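To start, the structure itself, in structure tokens.
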Amino acid sequence: MKPEIHTLASTEIYRNRWMTLKEDKIQRADGSEGIYSVIEKNDFVVILPVEQDSIFVVEQYRYPISERTIELPQGSWELDPGATPEALAAGELQEETGLIADRWQYVGYQKLAQGYSAQGYHIYLASELRYQGQSLDAEEVGLTARKMKISEFLQLVLAGKVTDATSVTAFLLARARGLID
């Protein structure tokens, strides 16, 4: 099947260890030309650490919106892009919350923002948790973790207080699949 949009040229505009920004000159199926900006980022993981009727969340300052946000633990390893999603999930859970999970369940895979990036994320439910201690990266200074009732987290989502789309989607997908109440 012929793609609806054909890339005529691609220019790298910017790169750092977390992302690459490209500007592509494109041709649409009708022959018209245009430009398309694309952000390339590695896939990441989001974890739902559940213990009975509670879930562990993180809170951190998000510079682009100038506020602290409640989210599920998540992340990627820019320095180890070949890490398996399972290893990444276990590592991010321990780094951000200090927790180790003895039981993992794969929930699914979603795309983050397919209008400008192919980046996606793997969702895992972690249970049978034990505390070992956080090991935050320099970029995570100020990140805190805490336990809250699942019902409270749902109310925060419904009230628009949890605005991270990844956290909301992961939580609602796990709930729709009957993995959490």
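Just the number, please: carbon plus sulfur as a percent of the accessible area of the chain, 1.4 Å probe, no ligands or DNA/RNA counted.
Of the solvent-accessible surface of the chain, carbon and sulfur hold 51 percent.
Mind checking which lysines have their C-alpha under 27 Å from Lys161, skipping anything on the same chain fewer than 8 residues away?
Counting by Cα, and skipping residues close in sequence, Lys161 has these lysines nearby: Lys41, Lys111, Lys147, Lys149.
Report ³J(HN,Hα) in whole Hz for each residue of region 5-11, in order, from the Karplus equation J = 6.51 cos²θ - 1.76 cosθ + 1.60 where θ = phi - 60°; Gly and Pro get x.
Running phi through 6.51 cos²θ - 1.76 cosθ + 1.60 with θ = phi - 60° gives 10, 10, 7, 8, 7, 9, 10 Hz.
Taking 0.36 nm per residue of separation and subtracting the Cα-Cα distance, what length does fully extending Arg130 through Thr20 add?
Working: separation 110, 0.36 × 110 = 39.60 nm, distance 3.69 nm.
Length gained, Arg130 through Thr20: 35.9 nm.
Using Cα centres only, tell me the gap between region 106-181 and region 47-77 in whole Å.
What the calculation gives is 6 Å, centre to centre.
HN-Hα J couplings of region 58-75 from phi, Karplus 6.51/-1.76/1.60, θ = phi - 60°, integer Hz, Gly and Pro as x?
In residue order, the calculated couplings are 10, 10, 8, 7, 10, 3, x, 10, 6, 7, 7, 10, 9, 9, 7, x, 6, x Hz.
Excluding Leu112 itself, calculate the net charge of residues whose Cβ lies under 13 Å from the Cβ of Leu112, where each Lys or Arg counts +1 and each Asp or Glu counts -1.
On the way: positive: Lys41, Lys111; negative: Glu40, Asp43, Asp164.
Spelling it out: positives minus negatives among the neighbours equals -1.
Taking just the alpha carbons, could you work out the radius of gyration and Dmax for region 12-101, both in angstroms?
18.0, 57
Please compute the net charge surrounding Asp53, taking Lys and Arg as +1 and Asp and Glu as -1 over other residues with Cβ under 12 Å from its Cβ. Mind dumping the intermediate values first?
On the way: positive: Lys147, Lys149; negative: Glu51, Glu152, Asp181.
Neighbour charge sum, excluding Asp53 itself: -1.
Tilt of helix 165-176 relative to the longest C-alpha principal axis of the chain, in degrees (0 to 90, nearest 10)?
60
Can you compute the charge dipole magnitude of the chain about its Cα centre, using +1 on each Lys and Arg Cβ and -1 on each Asp and Glu Cβ, nothing else charged? Give it in debye, rounded to the nearest 20. Don't skip to the end; give the middle numbers.
Numbers: 18 positive and 27 negative charges, 75 e Å.
For the chain, the charge dipole is close to 360 debye.
Per residue, how much accessible area does the chain have with a 1.4 Å probe, in Å²?
Values: 10490 Å² over 181 residues.
For the chain, the per-residue accessible area is 58 Å².
Evaluated at 37 °C with a viscosity of 0.692 mPa s, what Stokes-Einstein diffusion coefficient in µm²/s does region 39-181 have when Rh comes from the Kirkwood expression over alpha-carbon pairs?
It comes out at roughly 215 µm²/s.
The values are calculated or read from the model by the stated rules, or taken from the named source; none is laboratory data. Not measured: the values here are computed from a predicted model. Please note: Cβ atoms are built from the backbone with ideal geometry, for glycine as well, and neighbour counts cover all protein chains shown. Heavy atoms of the whole protein, side chains included, go into the accessibility calculation; ligands, DNA and RNA do not. Shrake-Rupley method; radii C 1.70, N 1.55, O 1.52, S 1.80 Å.
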